[in-house]
Amino acid sequence: MSDINFKNNTGECRAFMIKYMICLRDNNKETSQCRHESRDYLQCRMDRNLMKKEEMKKLGFGDLVEQKFQENS
């Protein structure tokens, strides 16, 4: 995976992280059921320079690239 800076002291993407964690909990940690939440969380981190920007296709989200990123924080 890309270079990730886990020192996100401002909590800028916290809402996305929480959505992803709740999805994992609700789906018995089945990551394939939480791909949208994972994509949104990573997109938030890239948008805020908390991780290196990568194409979603390279991160395994090629099939979700066309779907709109929605921030509901």
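The values are calculated or read from the model by the stated rules, or taken from the named source; none is laboratory data. Computed from a prediction, not measured in an experiment: that's the story for all the values here. Glycine gets a Cβ as well: all are built from the backbone with ideal geometry, and neighbour counts include every protein chain shown.
In the stretch 15-51, the residue that is surrounded by the fewest Cβ atoms within 10 Å (Cβ to Cβ) out of those that are among the hydrophobic types (A, V, I, L, M, F, W, C) and within 13 Å of Phe61 (Cβ to Cβ) is Met46.
Residue under question is Phe6, and the condition is that it be surrounded by fewer than 12 Cβ atoms within 10 Å (Cβ to Cβ) and either at pLDDT 90 or above or not polar (S, T, N, Q) (or both); does it hold? Criteria met by Phe6.
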